[in-house]
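Inspection log for the structure reproduced underneath, given as structure tokens.
What follows is calculated from the coordinates using simple rules that are stated; it is not laboratory data. A quick note: this is a predicted structure, and the numbers were derived from the prediction, not measured. Here the Cβ positions follow ideal geometry from the backbone for every residue, glycine too, while neighbour counts run over all protein chains shown.
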Amino acid sequence: MIKQIIINANSNSIPQIKDKTVDLVITSPPYPMIEMWDDMFSEQNSQIKCELQNGNGEKAFELMHQILDKTWNECDRTLKDNGFICINIGDATRTINDVFQLYSNHTRIINFFLNKGYCVLPDIHWRKQTNSPNKYMGSGMYPAGAYVTYEHEYILIFRKGGKRLFNNSSRIKRQESAYFWEERNVWFSDLWEIKGTSQAIKNINCSRERNASFPFEIPYRLVNMYSVKGDTVLDPFSGLATTNIACMASERNGIGIEIDKNLAKASMEYLTTMQDKINEVVDDRLKKHLDFISELDDEKKSKCYENENMNFLVKTKQETEMVINKIKNLNYENGKELICEYA
């Protein structure tokens, strides 16, 4: 039985989640030193506003990250040994006291998890190409005063301890959770070119006008890359519940934490409407695979393997036990959790 839950809480303290019960964390937090989040950070520590007004950018930057550190500590507490944490974060550029500089959010977060004893794994650059033809910032055509345009964010990947091991029963789940060979080649590249998604919050009476949502494709890939069916995935900054939707499409349990009460309620209700859209995602994934196989020449097809569960050819033996199911039914129970049943 797969469940989806949205908890209305501040993610710097989530006692509702027990120690070491989460297999994977995927999130995109508010980005320190991005102006749209100044008020949110200042509400939690009024000194941040004072430092910004006084032109102390580095101090404000550190105080903002100290707020995020509380959430990372909760992620560490709830994460199982050998589990993964995936954080989508962008660096910030800002002018304070007439001085333009970079505030390296990804470096600060990496240092936090290094100090926690986590293994830092190779990260992913999410490239969000700008539509602007002006690929510079600063002094235009004159040297020594222009700055490169930032068109990427980071997906940082941390592991708590050593490699995850699987016993006999969990090994079967792992085999069923395999991904396609052609997906592996794209997903495990260090450069993802994926269009961004709208940041506007519409038709919901909540405390902010914008969210930190990433496009569905990002958590969908990460869920499939770093967890197996039946695992529990936590998003401590769930926003519009994109990670929960990715979990629904991948047969993982999802827990989202959202500080705004109205947005949490609206996101939970939104999940109940997602059956058809998620099944379209599954259909599209299968179609892409069948198209890939059909385009192989006869010699390459002859070297493929048969996946009897799905009744089609696959490229490698590791794909032969994988099973991809569609949602059969959604039940919203007690106004608290969404039960997902699969065909």
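May I have the count of lysine pairs in the stretch 281-330 with C-alpha atoms under 13 Å apart, counting pairs 8 or more residues apart or located on different chains?
Summing the qualifying lysine pairs gives 4.
Restricting to DSSP loop positions (anything but H, G, I, E, B) with no more than 13 other Cβ atoms inside 10 Å of their own Cβ, which trypsin sites (Lys or Arg not before Pro) remain in the stretch 268-309?
Sites meeting the loop and neighbour criteria: Lys303.
If the cut-off is a Cα-Cα distance under 19 Å, which lysines reach Lys59, setting aside same-chain residues fewer than 8 apart in sequence?
The reachable lysines, counting only those whose Cα sits under 19 Å from Lys59, are Lys49, Lys70.
Figure the gain on full extension for Ser189 and Thr21 (residue separation times 0.36 nm, minus the Cα-Cα span) and round it to one decimal in nm.
Residue separation times 0.36 nm, minus the Cα-Cα distance, leaves 57.6 nm.
Using the structure shown, list the pairs from Lys195/Lys265; Lys3/Lys160; Lys18/Lys336 with a Cα-Cα distance above 19 Å, or answer none.
Flagged as over cut-off: Lys195/Lys265; Lys3/Lys160.
Suppose a student asked you for the relative contact order of the stretch 35-121, using Cα pairs under 8 Å spaced at least 6 residues apart; what percent would you report?
Across the stretch 35-121, relative contact order equals 18 percent.
Wrap a convex hull around the Cα atoms of the stretch 2-280, take a quarter of its surface area, and give that in square nanometres.
16.4 nm²
Between the helical axis of 275-294 and the dominant principal axis of the chain, each derived from Cα atoms, what acute angle in degrees is found, rounded to the nearest 10?
Computed tilt is about 70 degrees.
Relative to a virtual label point 7 Å from the Cα of Lys116 in the Cα→beta-carbon direction, which members of the stretch 12-52 show backbone nitrogen distances below 14 Å?
Zone members listed by number: 12-14, 19-29.
Between the alpha-carbon centers of the stretch 137-166 and the stretch 1-51, tell me the distance in whole angstrom.
That distance is 22 Å.
Convex hull over the Cα atoms of the stretch 12-101, averaged projected area in nm²?
6.3 nm²
Under 18 Å Cα to Cα from Lys116, which aspartates and glutamates show up? Leave out anything in the same chain fewer than 8 places away.
Asp19, Asp23, Glu62, Asp69, Glu74, Asp76, Asp81
Among Tyr31, Val233, Asn167, which residue has its Cα positioned farthest towards the positive end of the charge dipole of the stretch 2-280, with +1 placed on the Cβ of Lys and Arg, -1 on the Cβ of Asp and Glu, and the dipole taken about the Cα centre?
Asn167
Residue separation times 0.36 nm, minus the C-alpha to C-alpha distance between Phe100 and Tyr147: what's the value?
Residue separation times 0.36 nm, minus the Cα-Cα distance, leaves 16.0 nm.
With unit charges on the beta carbon (Lys/Arg positive, Asp/Glu negative), name the residue among Ile255, Tyr147, Pro215 whose Cα is farthest towards the positive pole of the charge dipole of the chain.
About the Cα centre, the residue reaching furthest to the positive side is Ile255.
Which percent, nearest 5, of DSSP beta bridges in the stretch 1-130 are antiparallel?
Here the share of antiparallel DSSP bridges comes out near 50 percent.
Using label points projected 7 Å from each Cα along Cα→Cβ, tell me how many nm separate Glu35 and Lys173, to one decimal.
About 4.7 nm separates the two model spin labels.
Given DSSP loops and a limit of at most 11 other Cβ atoms within 10 Å, what is the longest stretch of the chain that contains no such GluC sites (Glu not before Pro)?
1-208
Let me check against my output: what whole-number percent is the relative contact order of the chain, with C-alpha pairs under 8 Å and at least 6 apart?
Averaging sequence separation for qualifying contacts and normalising by length gives 23 percent for the chain.
At q = 0.13, 0.15, 0.17, 0.32 Å⁻¹, what base-10 log of I(q)/I(0) does the Debye formula yield for the stretch 281-330 when every alpha carbon is treated as an equal point scatterer in vacuo?
-0.33, -0.43, -0.54, -1.30
Let's see if you can work this out: charge +1 on each Lys and Arg Cβ, -1 on each Asp and Glu Cβ, no other charges. What is the dipole magnitude of the chain about its Cα centre, in debye to the nearest 20?
Value, rounded to 20: 640 debye.
I'd like to know which of Ser13, Phe188, Ile67 lies farthest towards the positive end of the charge dipole of the chain, counting +1 on Cβ of Lys and Arg and -1 on Cβ of Asp and Glu.
So the residue furthest toward the plus end is Ser13.
Calculate the spin-label point distance for Lys70 paired with Glu182, positioning each point 7 Å from the Cα along the beta-carbon direction, and give it in nanometres.
In this crude label model, Glu182 to Lys70 measures out at 4.8 nm.
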